[in-house]
Amino acid sequence: MQLQDFLAGLDYPVSREDLVRRWQENGGSTELLQLLKALPAEQFESPAELNAALDTLA
């Protein structure tokens, strides 16, 4: 599963825990799983907010 495909199907707001759970359920890579677990916020209100948080980790 590609990260962009994963992000496109989310319903917002979304919590970090929900992101991690969904990634695991879909068989996502361990590397990106660790990235999701390292996100600084507990919840994201929009795709732009989530993408900005991911950009700070990359």
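Just so it is clear, none of the values below were taken in a lab; they were calculated from the coordinates. Predicted, not measured: the structure shown is a model, and the values here were computed from it. Because the Cβ atoms are built from the backbone with ideal geometry, glycine has one as well, and the counts that use them run over all protein chains shown.
Only helical runs count toward this figure. For the chain, summing -39,500 (n - 2.57) over DSSP H runs of n ≥ 4 and dividing by all residues gives -17000 deg cm²/dmol at 222 nm. A Cβ-based charge dipole, computed about the Cα centre of the chain with Lys and Arg at +1 and Asp and Glu at -1, lands at about 160 debye.
Which values, in whole Å and largest first, are the semi-axes of the equivalent ellipsoid of the chain obtained as the square root of 5 times each eigenvalue of the Cα gyration tensor? After diagonalising the Cα gyration tensor, the semi-axes are 15, 13, 11 Å. Projecting the Cα atoms of GLY28, LEU10, ALA53 onto the charge dipole of the chain (Cβ charges, centred on the Cα centre) puts GLY28 farthest toward the positive pole.
Pop a pseudo-label 7 angstrom from the Cα along the beta-carbon direction at both ALA38 and GLN2 and give the gap in nm to one decimal. That separation, rounded to one decimal, is 2.3 nm.
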